[in-house]
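Chemist: Here it is, the structure in full.
The values are calculated or read from the model by the stated rules, or taken from the named source; none is laboratory data. Just so it is clear, the model here is predicted, and its values are computed rather than measured. Positions of Cβ are backbone-derived with ideal geometry, glycine not excepted, and every protein chain shown enters the neighbour counts.
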């Protein structure tokens with residue numbers, strides 16, 4: 001029986017509501033927002049990397065003959081692919097939002 005698919009855990013966006021906004025060129029008031037983003041980014045990268053490692057391992061087991069289950073490598077590969085696609089879409093949205101904010105004139 002295949003293991004259940006674990007949902008992706010995202011940070012609570014309401015935790016960032018009370019954080020001070022830092023304007024470019026000003027002194028940093030609070031580094032909590034940057035640290036929180038770094039933690040979320042690291043978690044996302046590690047999750048995607050974990051799915052990729054799991055997929056590689058299951059494909060190697062199939063090719064070496066250690067496992068005869070064809071479904072496990074296919075499912076693991078699809079999970080890794082979907083996680084990577086989701087990660088890239090989120091990255092694209094973050095970059096787009098950053099470019100939009102940087103393009104805003106004060």
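Chemist: In the range 34-44, which residues are within 17 Å of residue 85 (Cα to Cα) and either surrounded by fewer than 12 Cβ atoms within 10 Å (Cβ to Cβ) or in contact with a strand residue (DSSP E or B) (Cβ under 6 Å, 6 or more places away or on another chain) (or both)?
Modeler: Within the range 34-44, 42 is the sole residue that qualifies.
Chemist: Taking residue 41 as the residue in question, decide whether it is at pLDDT 85 or above, part of a helix (DSSP H, G or I) and in contact with a helix residue (DSSP H, G or I) (Cβ under 8 Å, 6 or more places away or on another chain). So that I can check it myself, show each step before the final result.
Modeler: Values: at pLDDT 85 or above: yes; part of a helix (DSSP H, G or I): yes; in contact with a helix residue (DSSP H, G or I) (Cβ under 8 Å, 6 or more places away or on another chain): no.
No: the conditions fail for residue 41.
Chemist: Consider residue 48 carefully, then state whether it is over 19 Å from the mean Cα position of the chain (by Cα), in a helix (DSSP H, G or I) and surrounded by 15 or more Cβ atoms within 10 Å (Cβ to Cβ).
Modeler: no
Chemist: Can you confirm whether residue 78 is loosely packed, with under 14 Cβ neighbours inside 10 Å, over 15 Å from the mean Cα position of the chain (by Cα) and at pLDDT below 65?
Modeler: When the stated conditions are applied, residue 78 does not pass them.
Chemist: If the requirement is being part of a helix (DSSP H, G or I) and in contact (Cβ under 8 Å) with a residue 24 or more places away in the chain, which of these qualifies: 97, 80?
Modeler: 80
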